[in-house]
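Working notes, beginning with the structure itself.
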Amino acid sequence: MRILIIEDDSDIREQVKEELKKTGFVVDTAADGKMGLHYALDYPIDVAIIDLGLPEIDGIDIIKNVRAKGLDYPILILTARSRWQSKVEGLEAGADDYVEKPFHAEELLARVRALLRRTGRWAASEMTCGPVRLNTSEQRVFLHDEEIILTAYEYKVIEHLMLHAGKVISKSELTEKMYDDDSDRDSNVIEVFIRRLRIKLDPNNSLKPIETLRGRGYRFTLPRINTA
Amino acid sequence: MNSLRARQLVSSFAIIMGSIFILGLILSMFISNRELENEHTKLKDIGFDLLGYFSFEKGNFTIDTELEEQLNKLFTDAGFSDSVENTAAYIQDTNTKIIHWHSLDPFVNLKNISYTKKDMERTLYTYPISAEPGEDIIKRLKPVNLDPDLENDRNIQHIVYSYGFQHSPYGRYQLVIAKSANTLFSGERDMVTHLILLFSASALLVLLAQLATSYWVIAPIKDFEEEIKRLESGDQESIVNPYPDELNPIKGTINALVQYEVGQKRRYRDALDDLAHSLKTPLSAIQGYIDQEGNNPDRSPSIEGVSSQLERMNDIISYQLRRAVVTNHHAMITPHPLRPVLIRLRDSLLKVYHTKNFTLDIKVESDVKVRMDNDDILELFGNLLNNACRFCEKLVEVNVQPDGNFLIVNIDDDGMGFPDNNPSKLLKRGIRADSQTEGQGIGLAVCTEIVEAAGGTIELLVSPQVGARVRVRLPV
C-alpha cells in the first residue's frame with residue numbers, strides 16, 4: 001500500500017511517515033503543495049493524507065486537481081482549522097474523511113485503514129475470502145482459522161490482492177505498492193512472493209487462490225464473504 | 001404618515017388649497033372693490049340729478065310739486081321704489097344732523113317735523129357718514145338707528161354715498177343716497193360659488209396629476225426599497241440596479257457597508273484560521289512525540305501529565321478560536337435559508353460516516369430561513385449533526401416548526417441519549433458527554449455560544465426515538 005503525506009511541518013510529516021512505515025506502508029512525503037500535487041497526480045497512490053494549510057498550493061486545490069484528473073483514491077484531510085466551513089469545503093472538494101490536529105497516531109492509522117477498506121469495498125478491518133481471513137489492524141492472515149506466518153512483503157502482497165479481490169493487479173502495480181521510490185525494484189521478486197503465498201495459502205493445491213493472467217497480472221479468486 | 005406618496009399628496013393638497021384660498025380672497029376683494037366703484041359712479045350720477053330738483057331758500061330745501069312726475073321717474077329709474085334695492089336719499093345738516101329732506105316725503109320740508117324714535121328706526125335710516133363740502137364718499141355701512149333685533153343681520157348692510165355741499169351762511173349739508181348691498185352680496189356670492197367650483201375642479205385635476213406623477217417619481221424609491229428587502233432577506237449580496245442620481249450616494253454607501261462587513265468578517269476568520277494552524281501544528285507535533293514516547297516501556301511517568309496538559313491546551317485553543325468567530329446579534333445579519341446548509345452537511349457527514357449504516361433525514365422545506373450568519377449556521381448544525389451521526393444507531397432526523405418570530409429546530413437521533421443527571425451541564429464549556437470522544441464538550445459549548453449570540457436558546461431533550469434531541473430556537 002502506497003501512502004502520500006503532504007504536510008509542511010517536518011516534525012508531523014516524519015512522525016506520521018514513521019508510524020505508517022512501521023505498519024508496513026510504503027510512504028511518499030511532500031513538504032509543500034507544489035511537490036505534493038506532483039506526487040498526487042503522477043504516483044500510484046492508494047491513500048493521500050493532505051494538510052489543508054500548505055505553502056505554494058492550498059490543500060483544497062490539490063484535492064480538486066486530483067479529482068479533476070479522475071483519480072479516485074481516498075484522501076484524508078489533516079486540518080488545524082476546527083470550523084465546519086473548512087471541513088465541509090475539503091469534503092466537498094473530494095476528500096473522504098478528516099482528522100483534526102492535534103491527533104493521536106493510532107487514530108490516524110485507524111482512519112487510513114478504514115479508507116483503504118472503503119476503496120476495496122471492505123467495511124470491516126477483517127477481510128474474509130473463502131477460508132482465508134486477513135486482519136488489517138493486526139496484520140495477521142488465517143487459513144481455516146489457523147494463522148499463517150508471512151513475511152512483511154508477503155503480507156503486503158496478499159493484503160493488496162485481497163483488498164482488490166476479483167480485480168486484476170499488474171506486476172508493476174504490486175511492485176510500486178511494495179517498495180519505496182528509491183528502493184531497488186526487481187519484478188521477479190513478486191513472482192517469488194506469489195509462489196510462496198500459493199504454497200502457504202494452498203498447500204494441497206485445491207483452492208487456487210491466486211490466478212495468473214499472462215501479460216496482465218494476478219487476481220485473487222476466492223469469493224468475498226464480508227463485503228460492505 | 002410613513003408613506004412618501006401620502007406625504008407628497010397631503011403636502012400638495014395643503015399647498016393647492018392654501019393657494020386657492022389666498023387667490024380667492026384677493027379676487028373676491030378685487031371684485032368687491034370694483035363693484036363698489038361701479039355703484040359709486042351710479043349713485044354719484046343719481047345724486048347730481050337729484051340735487052338739480054332742489055330749490056334752496058333761507059335754509060330750506062324744497063322741490064316744486066310740478067316736478068313730481070319727473071322726480072318719480074328719477075326715483076323709479078334709480079330704484080327708489082324697488083323693494084330689493086330699497087334705495088333712499090336724504091339731505092342732512094352735517095353740523096346739527098337735522099334731516100332737511102328725505103326721499104320718502106319728497107315734497108315735505110322735514111326740518112320742522114318731529115319724528116318719533118320708532119319712526120326713525122322703522123323708516124328713516126341715517127348713516128355714520130359725513131362728507132365735507134365738495135367731497136364725495138362711498139362706503140358700506142349699517143344704519144345708526146337700526147332696530148337692535150336686526151343688528152347681526154348681514155343683509156342690513158347698505159351701500160352709502162354722500163356728497164357734501166355748503167350754503168353760506170346757513171350751513172354745511174350732505175346729500176346721502178343709500179341702497180341695499182344685497183345685489184352686491186349676491187354678485188359676490190355668485191362669484192365665490194363659481195370660484196369654488198372652478199378651483200375645486202382644478203385642485204382635483206392637479207391632485208390626480210400629482211398622484212399619477214408620484215408613481216413615476218416614487219417608482220425608483222420603491223424599487224430601491226425592494227432591493228434593500230432582498231438584501232436583508234439574503235437573496236442578494238448588494239444593490240445592483242441603476243437608480244436616479246439622488247439615490248446613488250445611498251446605494252454606494254449601503255454597498256460599501258455590506259462589502260466592508262463581509263470583507264472584515266472574512267479577514268477576521270482567515271486570520272483566526274491561520275492562528276489555529278500556527279497553534280495546533282506544534283501541538284500536533286508534540287502529541288506525536290508523546291505518542292512515540294508512549295510506546296517506550298521505560299517512559300517517564302510525567303508523560304501522562306504532559307499529554308493531559310496538551311489536551312487541555314488544545315481544548316482551550318479550540319474553544320476560544322471557535323467562539324471568537326461567532327457573529328454577535330448586533331452585527332448586520334440577514335436571514336439565510338437553512339436547508340442548503342443542512343444538505344451540504346448531510347452530504348459531508350455521510351462521507352465521513354460511510355461505514356455506518358444509518359439514515360440522515362432532513363425534514364426542512366427550502367423556504368425556511370433563520371436570521372443568522374451563514375458560517376454560524378454551518379458551525380452550529382455541523383457540530384450538532386456530527387454528534388447525532390456519531391451517537392445514532394440507525395436514524396438522525398432534523399425537523400422544524402415555526403414559533404412566532406422564532407424557528408424551532410429539532411435534531412433527533414436514536415442513540416443512547418444524554419445522561420439523566422443534569423444534561424444541561426454539557427452545554428457549558430469543558431464538560432464532555434463522552435470522555436473517549438474528542439471535542440464533543442467543546443462542540444456543544446460552541447453551539448451554546450452561537451445560539452445565544454443569535455438571540456436564541458438551546459435545550460437537550462429526549463427524542464421520540466428515545467435518543468438525544470437537541471432543540472434550538474433561532475430568530476427568523
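The values are calculated or read from the model by the stated rules, or taken from the named source; none is laboratory data. The structure presented is a predicted model; accordingly, all values stated were derived computationally and were not measured. Cβ atoms come from the backbone with ideal geometry, glycine included; neighbour counts cover every protein chain shown. The protein model used for the area step is the full one, side chains on, heavy atoms only, and it has no ligands, DNA or RNA in it. Shrake-Rupley method; radii C 1.70, N 1.55, O 1.52, S 1.80 Å.
Quick look at the numbers
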quantity	calculated
Label-point gap, in nm, between B:E69 and B:Y289 - each point 7 angstrom along Cα→Cβ	15.0 nm
Label-to-label distance, nm, for residues given as A:N135 and B:L36 (7 Å Cα→Cβ offset)	12.6 nm
C-alpha long axis of helix A:84-93 to longest principal axis of chain A, angle in °	50 degrees
Spacing of the two label points (7 Å from each Cα toward its C-beta) at B:D403 and A:K21, in nm	5.7 nm
Inter-chain shielding of A:90-103 (mean C-beta neighbours from other protein chains, 10 Å cut-off)	5
Amide N proximity, region A:1-39 versus B:L310 label position 7 Å along Cα-to-Cβ, cut-off under 16 Å	A:9-20
FRET efficiency, 1/(1 + (r/R0)^6) with R0 22 Å, evaluated for B:V368 and B:R323 via beta carbons	0.25
Heavy-atom accessible surface of region B:4-188: percent carbon and sulfur, 1.4 Å	54 percent
Debye log10 I(q)/I(0) at q = 0.05, 0.06, 0.08, 0.14 Å⁻¹ for chain B, Cα point scatterers	-0.52, -0.57, -0.70, -1.26
For region B:4-188, convex hull volume per residue from C-alpha positions, Å³	140 Å³
Loss of accessible area when A meets B, both sides summed, Å² nearest 100, probe 1.4 Å	3100 Å²
Within chain A, helix-based [θ] at 222 nm, where runs of 4 or more DSSP H residues each add -39,500 (n - 2.57), nearest 500	-12500 deg cm²/dmol
Proximal charge balance of B:V368 [Cβ under 13 Å; K/R count +1, D/E count -1]	+1
Angle between chain B longest axis and helix B:182-232 axis [Cα atoms, degrees, rounded to 10]	10 degrees
Enclosed volume per residue, in Å³, of the convex hull spanned by Cα atoms of region B:256-339	117 Å³
Helix axis angle, B:374-391 relative to chain B longest principal axis, alpha carbon, degrees	40 degrees
Additional length obtainable on full extension of the chain from B:S11 to B:N357, 0.36 nm per residue less Cα span	117.5 nm
FRET efficiency, 1/(1 + (r/R0)^6) with R0 56 Å, evaluated for B:A201 and B:Q166 via beta carbons	0.50
Å² per residue, accessible surface of chain A at 1.4 Å	42 Å²
Cα-based Kirkwood hydrodynamic radius, chain A, one decimal, Å	18.3 Å
Residues B:D190 and B:N95, FRET efficiency given R0 of 56 Å [Cβ-Cβ distance, rounded to 0.05]	0.85
Globularity index of the protein assembly as shown, i.e. its alpha-carbon radius of gyration over 2.2 N^0.38 Å	2.05
Against the rule of thumb 2.2 N^0.38 Å, how large the Cα Rg of region B:333-475 comes out	0.97
